[in-house]
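Just so it is clear, none of the values below were taken in a lab; they were calculated from the coordinates. Note that the structure is a prediction, hence the values are computed from the model and not measured. Every residue, glycine as well, gets a Cβ built from its backbone with ideal geometry; the counts of neighbours run over all protein chains shown.
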Amino acid sequence: MLQTKKKKMIATKGYAALDAGSPLLPFSFERRTPGPRDVQLEILFCGVCHSDLHQVRNEWGRGIFPMVPGHEIVGRVARAGEQVKKFSIGDVGAVGCLVDSCRECDNCKQGLEQYCENGAVGTYNSYERDGKTPTYGGYSKTIIVHEDFVLKVPSNLALEGVAPLLCAGITTYSPLRHWHIGKGHKVGVLGLGGLGHMAVKFASAFGAEVTMLSTSPSKEADSKRLGASKFVLTTDTANLKPLRNYFDFIIDTVSAPHDYSPYLRMLNTNGVHICVGAPPEPSQFRTMALIANRRSIAGSNIGGLPETQEMLDFCSSYHIVSDVEVIDIKDINAAFERMLNGDVRYRFVIDMATL
Ligand code: NAP
Ligand code: ZN
Ligand code: ZN
């Protein structure tokens, strides 16, 4: 008689939203046993991204519940499959927003796995390549990932500050590199949160003149410390006039709906408004604000594996990490509320020892 042999699973725990209306609560679930090329990480720290909040509240739609969020993961290798080459037990590895992709399409072959033509596999709120096994993220004790999707973590950086580099870091590094932003450019960074503070750090490290565009007067001193040479309070429209035609690029990290037109008008000829913030609702802008000065509006999604490793190595050389507030996992729901109110300096990171 034909018998199907059930693969042994690994019991683990985390925090999950059982549905879009519920707070995160303790949750037990199973991970697959490591295959020959898999790495098992015992998670040390996981950053809290605004995308986690959008997704647990199902603001982007198509949410898969129960949902264990978290895609800014740093952990220690507890097990490695027999064919794993990059890692040994005890090494520190990191996982960002992706855990797999088709590896065959043109984008994957170029290391642009985030744009996989056959659909990359997200670290959570996604399905494995079989199309039916849900993925669970880093608000958990352990995760098992193919070694190709595990990054090497430089040894000279504080690990809690490294975790947010896996999303907030690469999401801002990638467009700055793509558009060759650096010396001689004037860059506006819109919104000083997790992504915004990394955009300021990277853009100033690349030699650009950085202006912080923020709704929070209390963040002025920090923006200067992070590398901005100017701070502009956007809630007072009188402050915006002197910035007409001023920037070469604006990096827009705002998580809530906002009109792009006032910011488009701040762009000089050929200027580009780069959207990385992903408000759930459709955005609006005046076409005339684009037509004038041949401006563009563009978007950028995280970064591929090679560029993510490049970013981590750059951070190692320039001693760049995220500014973090480390929290206990039991405080995650309060942290979400604070993030929603713009009250985070500048990334919450969960200490997974508290799980
Ligand atoms: P965050 O830490 O909450 O920062 C967002 C910042 O936007 C806030 O600190 C605030 O800065 C500003 N802001 C919030 N509400 C605003 C409003 N109503 N009007 C104007 N400004 C407002 O969030 P995050 O983790 O950086 O994520 C930001 C966005 O990027 C989210 O939508 C997230 O989903 C998205 N994201 C996209 C990618 C990608 O690959 N493209 C990757 C990660 C995240 P001020 O106080 O300075 O105004
Ligand atoms: Zn993220
Ligand atoms: Zn692909």
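Compute from the Cα atoms of the stretch 288-342 the Rg and the Dmax, the latter being the longest Cα-Cα distance, and quote both in angstrom.
So, for the stretch 288-342, Rg and Dmax equal 18.3, 50 Å respectively.
I need the shape label for the stretch 108-186. Rule: rounded when a/c is under 1.5, else prolate if a/b > b/c, else oblate, with a, b, c from the alpha carbon gyration tensor.
Oblate, since a/c reaches 1.5 and b/c is not below a/b.
Which is farthest toward the positive dipole end of the stretch 70-170 among Leu151, Pro134, Ala120, measuring Cα position about the Cα centre, with Cβ charges +1 (Lys, Arg) and -1 (Asp, Glu)?
Checking the options against the dipole of the stretch 70-170, the answer is Leu151.
For every helix of n ≥ 4 consecutive DSSP H residues, a contribution of -39,500 (n - 2.57) applies; sum these over the chain, divide by its total residues, and give [θ] at 222 nm rounded to the nearest 500 deg cm²/dmol.
Working: 10 runs with 77 residues, N = 355.
Rounded to the nearest 500, it is -5500 deg cm²/dmol.
Once amide H atoms are placed 1.01 Å from N in the peptide plane, what residues at a sequence separation of 5 or more from Phe45, or on another chain, have their amide H within under 5 Å of its amide H?
Amide H neighbours of Phe45: Val74, Met352.
Sort 338-344, 236-242, 55-61, 208-214 for me by packing, meaning the mean count of neighbouring Cβ atoms within 10 Å per residue, highest on top.
Put in order of decreasing packing, that is 208-214, 55-61, 338-344, 236-242.
As an exercise, use a Förster radius of 22 Å and the Cβ-Cβ distance of His178 and Asp148 to find the FRET efficiency, rounded to the nearest 0.05.
It comes out at approximately 0.50.
Only bridges with both residues in the chain count here: give the DSSP antiparallel percent, nearest 5.
Antiparallel bridges make up about 55 percent of those DSSP assigns within the chain.
When the dipole is taken about the Cα centre of the chain, and only Lys, Arg (+1) and Asp, Glu (-1) are charged at their Cβ, what size is it in debye, to the nearest 20?
300
Among rounded, prolate and oblate, which fits the chain when a ≥ b ≥ c are the square roots of the eigenvalues of its C-alpha gyration tensor, a/c under 1.5 means rounded, and a/b larger than b/c means prolate?
It is prolate, given that a/c is not under 1.5 and a/b is the larger ratio.
Through the Karplus equation 6.51 cos²θ - 1.76 cosθ + 1.60, θ set to phi - 60°, convert the phi angles of the stretch 77-93 into ³J(HN,Hα) values in whole Hz; use x for Gly and Pro.
6, 9, 8, 9, x, 5, 9, 5, 10, 7, 10, 10, 4, x, 5, 9, x
Lys and Arg at +1, Asp and Glu at -1: add these up for the other residues within a Cβ distance under 14 Å of Ser155 and post the number.
0
Applying a 10 Å radius around every beta-carbon, put 159-172, 73-86, 94-107 in order of their mean neighbour count, most first.
Put in order of decreasing packing, that is 159-172, 94-107, 73-86.
What shape does the stretch 256-355 take by its C-alpha gyration tensor, where a ≥ b ≥ c are the square roots of the eigenvalues and a/c under 1.5 counts as rounded, a/b above b/c as prolate, and the rest as oblate? Mind showing how you got there, number by number?
Details: a/c = 2.95, a/b = 1.60, b/c = 1.84.
It comes out oblate by the Cα gyration axes.
Apply the Karplus parameterisation 6.51 cos²θ - 1.76 cosθ + 1.60, with θ equal to phi minus 60°, to every residue of the stretch 111-122 and state each ³J(HN,Hα) to the nearest whole Hz, in sequence, with x for glycine and proline.
My calculation for the stretch 111-122 gives x, 9, 4, 5, 10, 3, 5, 9, x, 5, 9, x Hz in order.
Using modelled amide H (1.01 Å from N, peptide plane; none on Pro or chain starts), what sits under 5 Å from the amide H of Val150, excluding residues fewer than 5 places away?
Result for Val150 returns nothing.
As I understand it, the value is the acute angle between the Cα axis of helix 168-178 and the longest principal axis of the Cα atoms of the chain; what does it come to in degrees, rounded to 10?
Result, in degrees: 60.
Can you work out the Karplus-derived ³J(HN,Hα) for every residue in the stretch 7-13? Use 6.51 cos²θ - 1.76 cosθ + 1.60 with θ = phi - 60°, whole Hz, and x for glycine or proline.
Along the stretch 7-13, the couplings run 5, 5, 10, 10, 6, 8, 9 Hz.
Listed here are the pairs Lys85/Lys132; Lys183/Lys230; Lys152/Lys186; Lys85/Lys152; Lys186/Lys241; Lys85/Lys141; which of them are more than 21 Å apart at the Cα? Don't skip to the answer; put the middle values down first.
On the way: Lys85/Lys132 29 Å; Lys183/Lys230 16 Å; Lys152/Lys186 33 Å; Lys85/Lys152 12 Å; Lys186/Lys241 16 Å; Lys85/Lys141 23 Å.
From Lys85/Lys132; Lys183/Lys230; Lys152/Lys186; Lys85/Lys152; Lys186/Lys241; Lys85/Lys141, over 21 Å: Lys85/Lys132; Lys152/Lys186; Lys85/Lys141.
Counting Lys and Arg as +1 and Asp and Glu as -1, each charge on the Cβ, what is the dipole of the stretch 232-355 about the Cα centre in debye, to the nearest 20?
I would put it at about 760 debye.
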